[in-house]
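Below is one structure; the comments refer to it alone.
The values are calculated or read from the model by the stated rules, or taken from the named source; none is laboratory data. What you see is a predicted model, and the numbers here were worked out from it, not measured in a lab. With ideal geometry, Cβ positions are generated from the backbone for all residues, glycine too; neighbour counts draw on all protein chains shown.
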Amino acid sequence: MKADFKNIRKKLEKELDAKRFEHTLGVAYTAAALAMRYQGDLEKAQLAGLLHDCAKCISNEKKLSICEKHHIPISEIERKNPFLLHAKAGCYIARKQYHIQDQDILNAISNHTTGRPGMSLLEKIIYIADYIEPGRKQAPNLTRIRQLAFQNLDQALLGILRDTLKYLESIDSPVDVMTRQTYDYYLENQKKEKE
């Protein structure tokens with residue numbers, strides 16, 4: 001797989017607003033650093049990082065339309081909050097417009113907002129890079145999570161999931177079932193490791 005990073009960056013710069021494009025570059029950079037740290041595939045990490053938010057700046061109606069037209073499952077929470085569909089719609093766009101065939105990259109894009117039980121190394125890297133990239137300023141426990149990300153990927157993942165669930169509950173926001181399932185899965189794994 002030899003990705004055309006230059007053309008992908010150019011196209012994304014036109015598709016995304018300036019703030020989102022900067023975030024995207026930060027995620028690609030952080031994903032590459034994490035891939036180096038954990039002996040992951042550097043090119044796949046950069047590519048998934050670049051494309052993770054490729055559908056973020058399209059309208060909610062278009063996100064819904066893409067998912068409905070292509071039979072992509074939509075949860076009740078996603079239907080009520082279609083901005084949450086940018087990951088699933090982004091997976092479709094990455095495949096169709098950016099010609100990504102690698103299933104691991106597509107999964108990383110699709111699951112970067114909720115996670116999922118049994119994530120691959122790349123999926124974990126993109127999920128975490130999205131949270132800790134240098135442009136992020138406001139996430140709880142950010143300094144600790146950034147340090148943890150380079151020490152223990154699963155503990156960083158669990159910390160992000162825990163903080164995300166706490167935050168969503170504190171603002172009385174609906175929680176995607178997959179986020180809760182992912183948290184429970186990795187919490188259980190951590191307990192087993194300690195036994």
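Would you check which residues across region 74-100 are assigned to a helix (DSSP H, G or I) and without any contact (Cβ under 8 Å) to a residue 12 or more places away in the chain and list them? Within region 74-100, Glu76, Arg95, Lys96 qualify.
Among the residues making up region 136-185, those that are surrounded by 18 or more Cβ atoms within 10 Å (Cβ to Cβ), more than 21 Å from Glu78 (Cβ to Cβ) and without any contact (Cβ under 8 Å) to a residue 40 or more places away in the chain are Ile145, Arg146, Leu148, Ala156, Leu158, Gly159. With respect to the conditions (1) in contact (Cβ under 8 Å) with a residue 24 or more places away in the chain; (2) surrounded by fewer than 23 Cβ atoms within 10 Å (Cβ to Cβ), Ala31 falls short on a single one, namely (2).
Scanning region 39-73 for residues that are farther than 18 Å from Leu25 by Cα and either among the charged types (D, E, K, R) or in a helix (DSSP H, G or I) (or both) turns up Asn60, Glu61, Lys62, Lys63, Leu64, Ser65, Ile66, Cys67, Glu68, Lys69.
Remark: pairs (first residue in region 59-73, surrounded by 12 or more Cβ atoms within 10 Å (Cβ to Cβ) and modelled with pLDDT of 95 or more; second residue in a loop (DSSP other than H, G, I, E, B) and aromatic (Phe, Trp, Tyr); Cβ separation under 8 Å; 6+ apart in sequence or on different chains) are absent. Would you check if there is a residue in region 162-172 being of a type in the set (S, T, N, Q), on the phi < 0 side of the Ramachandran plot and either part of a loop (DSSP other than H, G, I, E, B) or under 14 Å from the mean Cα position of the chain (by Cα) (or both)? Looking for residues that are of a type in the set (S, T, N, Q), on the phi < 0 side of the Ramachandran plot and either part of a loop (DSSP other than H, G, I, E, B) or under 14 Å from the mean Cα position of the chain (by Cα) (or both), one finds at least one in region 162-172, hence yes. Part of a helix (DSSP H, G or I) and surrounded by fewer than 20 Cβ atoms within 10 Å (Cβ to Cβ): is that true of Glu123 in this structure? Criteria not met by Glu123. A residue that is in contact with a Phe, Trp or Tyr (Cβ under 9 Å, 6 or more places away or on another chain) and crowded, with 22+ Cβ neighbours inside 10 Å cannot be found anywhere in region 78-86. Out of all the residues in region 17-34, is one or more among the charged types (D, E, K, R), touching an Asp or Glu at 6+ places or on another chain (Cβ under 7 Å) and either within 19 Å of Ile93 (Cβ to Cβ) or not in a loop (DSSP other than H, G, I, E, B) (or both)? Taking every residue of region 17-34 in turn, at least one turns out to be among the charged types (D, E, K, R), touching an Asp or Glu at 6+ places or on another chain (Cβ under 7 Å) and either within 19 Å of Ile93 (Cβ to Cβ) or not in a loop (DSSP other than H, G, I, E, B) (or both). Of everything in region 60-104 that is of a type in the set (Ser, Thr, Tyr) and under 19 Å from the mean Cα position of the chain (by Cα), the residue that is nearest to Ala18 (Cα to Cα) is Tyr98.
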